[in-house]
Amino acid sequence: QVQLMESGGDLVQPGGSLRLSCAASGNIFSFNAMNWYRQPPGKQRELVATIISDGSTNYADSVKGRFTISRDYAKNTVYLQMNSLKPEDTAVYYCNAMSKASSYWGQGTQVTVSS
């Protein structure tokens with residue numbers, strides 16, 4: 001059983017930046033993909049960014065050019081660098097780890113973008 005712990009959520013003004021971290025209790029090298037999802041208030045959870053085992057990345061159109069997903073195998077941690085934040089980025093952000101047989105979720109971290 002792998003546990004994921006997100007951190008880094010905060011209240012930030014529009015145009016600001018945050019870096020979210022997702023620390024895994026196990027070796028993230030074993031996962032096929034690591035994802036960041038978000039769930040805005042009153043809306044469904046949506047996929048924001050993915051990093052695949054070969055290092056390739058994918059982003060939702062709404063965050064392309066502003067968000068960057070990365071990983072550090074030595075620290076078993078995945079990051080989401082978020083720049084030029086907008087009020088519509090306000091959401092609970094969740095980390096997800098996927099292998100062929102399993103999918104693991106963190107508890108989420110709140111990001112609020114407001115002046």
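The values are calculated or read from the model by the stated rules, or taken from the named source; none is laboratory data. It should be emphasised that the depicted structure is a prediction, and the values quoted were computed from it without experimental measurement. All Cβ positions, even for glycine, are placed from backbone atoms using ideal geometry, and neighbour counts span all protein chains on display. Surface areas here come from the heavy atoms of the whole protein model, side chains and all, with no ligands, DNA or RNA. Shrake-Rupley method; radii C 1.70, N 1.55, O 1.52, S 1.80 Å.
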Cα shape, segment 1-65, gyration tensor, a/c 1.5 rule: prolate
Inter-probe distance in nm under a simple model that places probes 7 Å from Cα toward Cβ, at ASN83 and SER56: 2.4 nm
Cleavage-rule hits (trypsin sites (Lys or Arg not before Pro)) in segment 1-72: DSSP loop, at most 12 neighbouring Cβ within 10 angstrom: LYS43, LYS64
Debye log10 I(q)/I(0) at q = 0.12, 0.21 Å⁻¹ for the chain, Cα point scatterers: -0.37, -1.13
The chain - accessible surface per residue (Å², probe 1.4 Å): 53 Å²
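Hey, any idea what % of the chain's accessible area is carbon plus sulfur with a 1.4 Å probe?
Carbon plus sulfur share of accessible area: 47 percent.
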